[in-house]
1. Among the residues of the stretch 67-83, is there at least one that is modelled with pLDDT of 95 or more, open to solvent by 50 Å² or more (accessible area, probe 1.4 Å) and in contact with a helix residue (DSSP H, G or I) (Cβ under 7 Å, 6 or more places away or on another chain)?
2. Among the residues of the stretch 241-274, write down those that are closer than 18 Å to Val369 by Cα, open to solvent by less than 10 Å² (accessible area, probe 1.4 Å), in a helix (DSSP H, G or I) and not hydroxyl-bearing (Ser, Thr, Tyr).
3. For the stretch 293-314: of the residues being outside any helix (DSSP H, G or I) and of a type outside the set (Val, Ile, Thr), which is nearest to Met345 (Cα to Cα)?
4. Identify all residues within the stretch 370-382 that are out of contact with any Ser or Thr (no Cβ under 9 Å at 6 or more places or on another chain), touching a residue at least 12 places away in the same chain (Cβ under 8 Å) and open to solvent by 40 Å² or more (accessible area, probe 1.4 Å); write none if there are none.
5. Considering each residue of the stretch 198-238, count those that are in contact (Cβ under 8 Å) with a residue 40 or more places away in the chain and among the acidic types (Asp, Glu), and give that number.
6. Which residue out of Pro331, Pro327 is open to solvent by 30 Å² or more (accessible area, probe 1.4 Å), assigned to a loop (DSSP other than H, G, I, E, B), of a type outside the set (Phe, Trp, Tyr) and at pLDDT 95 or above?
7. For the stretch 337-389, which positions are among the polar types (S, T, N, Q), under 26 Å from Arg287 (Cα atoms) and in a loop (DSSP other than H, G, I, E, B)?
8. Tell me, which residue of the stretch 275-292 that is in a helix (DSSP H, G or I) and among the aliphatic types (A, V, I, L, M) is surrounded by the most Cβ atoms within 10 Å (Cβ to Cβ)?
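The values are calculated or read from the model by the stated rules, or taken from the named source; none is laboratory data. Predicted, not measured: the structure shown is a model, and the values here were computed from it. All Cβ positions, glycine included, derive from the backbone under ideal geometry; neighbour counts span all protein chains shown. The accessibility values were calculated without ligands, DNA or RNA, using every heavy atom of the protein model including side chains. Shrake-Rupley method; radii C 1.70, N 1.55, O 1.52, S 1.80 Å.
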Amino acid sequence: MSNLPSNAQRRSLLMGAATLAALPLTGALAASTAAATPHPAPGGVAATDASATLASRRLLGKLEVSSLGLGVQNMSRTYQTTIPSRAGMHRIIRTAFDHGLTFYDAAEAYGPHEVERILGEGVASFRNEVVIATKFGWNIDLESGARGPGLVSRPAHIKLAVEGMLKRLRTDRIDLLYQHRVDPQVPIEDVAGAIKDLMTEGKVLHWGLCEMGLKTLRRAHAALPLTAVQSEYSMLWRGPEQEVLSVCGELGIGFVPWSPLGVGFLTGAIDGRTRFAEGDIRAIETRFNPDNIEHNLALVKLLAAWAERKQATPARIALAWLMAQQPWIVPIPGTTQMAHLLDNMGAAGVSFHGSELRELNAAVAAVVVQGERLPPAVQAYSGVEAPLR
């Protein structure tokens, strides 16, 4: 690779950096088409900066992880007709580890099942040196992986699901197990009870919730202390700043942003001329419709300016901004491209002085994003409260 692509060029085929890490979509996310002519990365920063190393560590509750994680959702498929090379995905997993990344995020719904297999294969030689997170909760057949309607978090089902996860991941324990979405039919105390049993057996070490209601968050933590909450969070979607982050800070719970690059938008790969292929969820997210995207591109311009100022890339600025918000925030950008991985990991080398962060925060807050982050049918699964016992 003698001619390294610029940050914008490497992301013109999108979704490597931040696919919908918490959504079990039935169809693959498709590449965007008719993207704008990319501009060179500010400061001449190469996307494949091989010096990027994650020496820093952070605590999610009491669980130590690298300051940036890797979402592996799309390693079984990227776009509708693209299946990544399995060996290539293993190389990305290994390269991440070689550069100091110790935190890998999967789910039974990704694939379904296949991503856990790929991750288990990829980390086999260094399993005891990394943290594996995965998730249960969608209605996934335990044997075939076929996806049914709705959610399933009955305690007996959780325990059977974990047995399958352990086999696919080639491990004897799951370091961090999330409930992928709150089951409106099962009290969260019953879920916590199942997790506690699994902890007693040594099969689960820590647990967390994704996109839950705030009352459920508090109830879950009271029943069995949580290690982490996973929700969408980026400059493009700042919803967690309203309440979730303050509750996590109060309770000592770590926060793991999925889609930290705004499904690729914050990298500069999308503009007003971008059109999305059939099956790409961004095509039905109103924040990306023609009327709204022109307004929301103010964030991309802001990132480009800061990337030039800090001699970085827009992706690194977006990730570093998240990490600067709290020391217990650990983003998990996903990718199937080596260049994306190395660029993202370079975010650990970007820092902001106090005055710089205040300035950047004010500029981000001044951009009121137009449009919704998810289609209503998907959004309906977020913010759900578990029933009382």
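1. Scanning the stretch 67-83, I find no residue that is modelled with pLDDT of 95 or more, open to solvent by 50 Å² or more (accessible area, probe 1.4 Å) and in contact with a helix residue (DSSP H, G or I) (Cβ under 7 Å, 6 or more places away or on another chain), so the answer is no.
2. Hits for the stretch 241-274 are Phe265, Leu266.
3. First, the residues of the stretch 293-314 that are outside any helix (DSSP H, G or I): 311-313.
Remaining after also requiring of a type outside the set (Val, Ile, Thr): 311-312.
Working: Gln311: 15, Ala312: 12 Å.
So the residue we want is Ala312.
4. Initially, the stretch 370-382 is screened for residues out of contact with any Ser or Thr (no Cβ under 9 Å at 6 or more places or on another chain), giving 376-381.
Now restrict to residues that are touching a residue at least 12 places away in the same chain (Cβ under 8 Å): 378, 381.
Answer for the stretch 370-382, where residues must be out of contact with any Ser or Thr (no Cβ under 9 Å at 6 or more places or on another chain), touching a residue at least 12 places away in the same chain (Cβ under 8 Å) and open to solvent by 40 Å² or more (accessible area, probe 1.4 Å): just Tyr381.
5. Of the residues in that region, 2 qualify.
6. Details: Pro331 fails: open to solvent by 30 Å² or more (accessible area, probe 1.4 Å).
The conditions single out Pro327.
7. Within the stretch 337-389, the first condition is being among the polar types (S, T, N, Q), and the residues that meet it are 337, 344, 351, 355, 361, 370, 379, 382.
Filter once more, keeping what is under 26 Å from Arg287 (Cα atoms): 337, 344, 361, 370, 379, 382.
Passing the criteria: Gln337, Gln370, Ser382.
8. Ranking the qualifying residues of the stretch 275-292, first place goes to Ile281.
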